[in-house]
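Novice: Quick one: structure below, then a few questions.
The values are calculated or read from the model by the stated rules, or taken from the named source; none is laboratory data. Computed from a predicted structure; not experimentally measured. Backbone-built Cβ (ideal geometry, glycine too); neighbour counts: all protein chains shown.
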Amino acid sequence: MIKLFTKKNSSFLIVVCSLFLTANSQGQTVNEIAKAMFAKTKSIKTMTYTMRKIERINGKQILQVSSAKLNRDPLKVYLRQSQPKDGIEVLYVQGTNNNHALINPNGFPWFSVNLDPYGSTMRENQHHTLFNSGYDHVISILEHLYVKYHEQVESMTKIEGSIVWENHNCWIVTLSNPYFKYGSYTAQKGETLLTIAAKYKLSEHMMLEKNPSIKNYNESLAGKTILIPNDYSSKMILYIDKARMIPLVMKVYDNEGLYEQYEYLNVSINPVIKPEEFQSTYKDYHF
């Protein structure tokens, strides 16, 4: 049986102080970089960006590019896709519309529809949901791994150097996880792929692909023994903007190679986003 556990620790300081203390050429350490990145991303209230993502779906790398507007609390998200299909729009405002997303498919059925963000239509060919927009999901995974492996993280994490990416000077930070593996897990009452992924900070899509007998993320798994990874990935590579202390690139690997890659382009932190920009009637939208 696979072991899934974390040491009980709610202290942010203990998390960041456990990071590798090797200094780079400018005197920065992973500890300092991580502490600044965690603090910066958690201070974000609004942001706009373009997301270029590559996700492995059934063995193929699928590219998708979308522009995004985000308000963190309450969660409000507007997305407009440019690739692979230009003009698809998504609008979600927490606590409204029965917590469904409004979708403009820019094609058949030729009118906007309301869909469950966790439903099969919106999850098709997607590793994540719109609830993972922004940085919170990324940071929660990193914090989880640093706490779980606080005794080993010194040998797992390091600064590989620097890179100029999209005109931003970035650190290249690598987290290599030699403990990554798959094993059997017996689900308890009330557990689904979604609840297991949330509890242990795993990829529900990765588990869905490894267990073809499971038809959807919300299927009850009580009493079933399934195959799951013990961690989110075997390796992560981050490009962290030195000036703004935000991640601009995240590459995630499993035992088969590149699993997903996310690139944050044209990032604006805490811009003023008008309330009407999270309404379907906004002048630039076509719902």
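Novice: Of all the strands (runs of 3 or more DSSP E) wholly in region 51-111, which have at least 1 residues that are under 24 Å from I273 (Cα atoms) and among the basic types (K, R)?
Specialist: Per the criteria, 60-71, 76-83.
Novice: Now for a separate question. Is region 248-266 home to any residue that is more than 15 Å from the chain's Cα centre (by Cα) and basic (K, R)?
Specialist: No; the residues of region 248-266 include none that is more than 15 Å from the chain's Cα centre (by Cα) and basic (K, R).
Novice: Across region 99-144, what is the total count of residues that are touching a residue at least 40 places away in the same chain (Cβ under 8 Å) and either under 18 Å from Y285 (Cα atoms) or of a type outside the set (S, T, Y) (or both)? Reasoning before the result, please.
Specialist: To start, the set of residues in region 99-144 that are touching a residue at least 40 places away in the same chain (Cβ under 8 Å) comprises 102, 104, 106, 112, 118, 120, 123, 125-128, 130-131, 133-136, 138-144.
Next, only the ones that are either under 18 Å from Y285 (Cα atoms) or of a type outside the set (S, T, Y) (or both) stay: 102, 104, 106, 112, 123, 125-128, 130-131, 134, 136, 138-139, 141-144.
Adding up the residues that qualify gives 19.
Novice: Continuing with the same structure: For region 30-47, indicate whether the set of residues that are of a type in the set (D, E, K, R), surrounded by 16 or more Cβ atoms within 10 Å (Cβ to Cβ) and not assigned by TED's automatic domain parsing to the domain that holds E143 is non-empty.
Specialist: no
Novice: Cβ contacts < 8 Å: first residue within 14 Å of H137 (Cβ to Cβ) and at pLDDT 95 or above, restricted to region 186-202; second residue in a strand (DSSP E or B) and among the hydroxyl-bearing types (S, T, Y), any location; separation 6+ or different chain. Result?
Specialist: Here the result reads none, with nothing in region 186-202 linked to a residue that is in a strand (DSSP E or B) and among the hydroxyl-bearing types (S, T, Y).
Each row is one residue, and each column tells you yes or no for (1) at pLDDT below 95; (2) over 30 Å from I163 (Cβ atoms); (3) in contact with a strand residue (DSSP E or B) (Cβ under 9 Å, 6 or more places away or on another chain).
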| residue | (1), (2), (3) |
| --- | --- |
| I226 | no, yes, yes |
| D254 | no, no, yes |
| Y264 | no, no, yes |
| K274 | no, yes, no |
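Novice: Filter region 147-181 down to the residues that are of a type in the set (F, W, Y) and either over 16 Å from I237 (Cβ atoms) or outside the structural domain of V249 (by TED's automatic domain parsing) (or both), then identify the one that is surrounded by the most Cβ atoms within 10 Å (Cβ to Cβ).
Specialist: Y149
Novice: From L221, L194, grab the single residue that is touching an Asp or Glu at 6+ places or on another chain (Cβ under 7 Å), among the hydrophobic types (A, V, I, L, M, F, W, C) and surrounded by fewer than 20 Cβ atoms within 10 Å (Cβ to Cβ).
Specialist: Result: L194 is the single residue among L221, L194 that is touching an Asp or Glu at 6+ places or on another chain (Cβ under 7 Å), among the hydrophobic types (A, V, I, L, M, F, W, C) and surrounded by fewer than 20 Cβ atoms within 10 Å (Cβ to Cβ).
Residue-wise test of (1) in contact (Cβ under 8 Å) with a residue 40 or more places away in the chain; (2) out of contact with any Lys or Arg (no Cβ under 7 Å at 6 or more places or on another chain); (3) of a type in the set (K, R); (4) not in a loop (DSSP other than H, G, I, E, B).
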residue: S233; (1), (2), (3), (4): yes, yes, no, no
residue: A243; (1), (2), (3), (4): yes, yes, no, no
residue: V249; (1), (2), (3), (4): yes, yes, no, yes
residue: Y259; (1), (2), (3), (4): yes, no, no, yes
